[in-house]
Amino acid sequence: MAHGADSPAHSSLDQLNVWVFDLDNTLYPATASLFPQIDVRMKRFIATSLGIPEDEAFLLQKRYYHEYGTTLRGLMLRHAIEPESFLAYVHAIDHSVLTPDPALRAGIERLPGRKLVFTNGSERHAVDVLRHLDLTETFEGIFDIRAAGYVPKPNLETYWRMVRQFGFDPERAAMFEDSPKNLVPAADIGMTTVWVRPAAADTVPWFVPLDEDVSHCHHVTDDLSAWLARVV
């Protein structure tokens, strides 16, 4: 898909003054060697904590992700796992594999108004990612899984909680996400949605087929830097 392929709805971007970005696989390419590190450490944490083989831990990890929105939420509800130990372990990764994208930074900085990060990860992880992407000064605030009370996207109340914390009108805000399902509640509360679809979809295991309903995604791009340069 060419970058910036938009649906007809919600094209009045000039009306917006708040820009909310997902973190992982949105502010850096899904093909970067970062999230696979987290994936491996999740599997090891589950195997060690529950005393099961790693292949079983991997299946449980993915099942809980699909059932509860995050693996952590499933572990908390089903196994009473303490969230802070999980977050500290899975985010102890090498962030230096990330490469700053000056064009992306310039595009975000040109957006009029406030810029926020909304992540199912921890604030510490978000800070590390932004620092290695040279985006630390670009964002006003971070809404992480702790701020969400450990209730992850796509839970609708978590979106309202984020809106209340930063005090903005969702109808004047846009949300950028690599996961279409996480854009459903954003659209439901009135936000303009931008699906940052993986460019190398065939190499990304969580890619959503084009025949799946993504009508709630008002804009679609596989090149966020180029999309921002075009629309700002």
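The values are calculated or read from the model by the stated rules, or taken from the named source; none is laboratory data. From a predicted model like this one, the values you see are computed outputs, not experimental measurements. Ideal geometry is used to build each Cβ from the backbone, glycine not excepted, and the neighbour counts take in all protein chains shown. Accessible surface is based on the protein model in full, side chains and every heavy atom, while ligands, DNA and RNA are left aside. Shrake-Rupley method; radii C 1.70, N 1.55, O 1.52, S 1.80 Å.
When the solvent-accessible area of region 76-232 is split by element, carbon and sulfur atoms take up 52 percent of it, the probe being 1.4 Å. Solvent-accessible surface of protein heavy atoms, probed at 1.4 angstrom with all chains present, puts S215, S225 in the order S215, S225, largest first. Note on R44/K181: beta-carbon distance plugged into 1/(1 + (r/R0)^6) with R0 of 22 Å gives a FRET efficiency of 0.25.
For region 95-232, taking Cα atoms only, Rg and Dmax work out to 14.7, 39 Å respectively.
Based on DSSP H segments of at least four residues, each scored -39500 (n - 2.57), the chain has a per-residue ellipticity at 222 nm of -11500 deg cm²/dmol. Applying 0.36 nm per residue to the separation of D14 and S215 and subtracting their alpha-carbon distance, the gain on full extension is 70.2 nm.
The alpha-carbon of K181 sits under 22 angstrom from the alpha-carbons of these lysines, leaving out residues fewer than 8 places away in its chain: K62, K115, K153. Placing a label point 7 Å from the Cα of A147 along the Cα-to-Cβ direction, the residues of region 74-116 with a backbone N closer than 11 Å are 115-116. Placing +1 on the Cβ of every Lys and Arg and -1 on the Cβ of every Asp and Glu, with no other charges, gives the chain a dipole of roughly 460 debye about its Cα centre. Over the chain, accessible surface divided per residue gives 45 Å², non-protein components excluded, 1.4 Å probe. Between A187, C217, T119, the Cα set farthest toward the positive side of the dipole of region 97-226 (charges on each charged residue's Cβ, about the Cα centre) is that of T119. Among G107, G167, G141, the largest mean-square fluctuation in a Gaussian network model of the chain, built with springs joining Cα atoms closer than 10 Å, belongs to G167. Counting only Cβ charges, +1 for Lys and Arg and -1 for Asp and Glu, the dipole size of region 90-191 around its Cα centre is about 200 debye. For L77 and E109, the FRET efficiency from 1/(1 + (r/R0)^6), where r spans their Cβ atoms and R0 equals 35 Å, is about 0.30.
Cβ-Cβ distance of V232 and T136, R₀ of 22 Å, FRET efficiency by 1/(1 + (r/R0)^6): the value works out to about 0.60.
Positive-end ranking of F143, W227, P198 along the dipole of region 94-232, with charges on Cβ about the Cα centre, is headed by F143.
Judged by the gyration tensor of its Cα atoms, with axes a ≥ b ≥ c, region 104-164 is oblate; a/c meets the 1.5 cut and b/c is at least as large as a/b.
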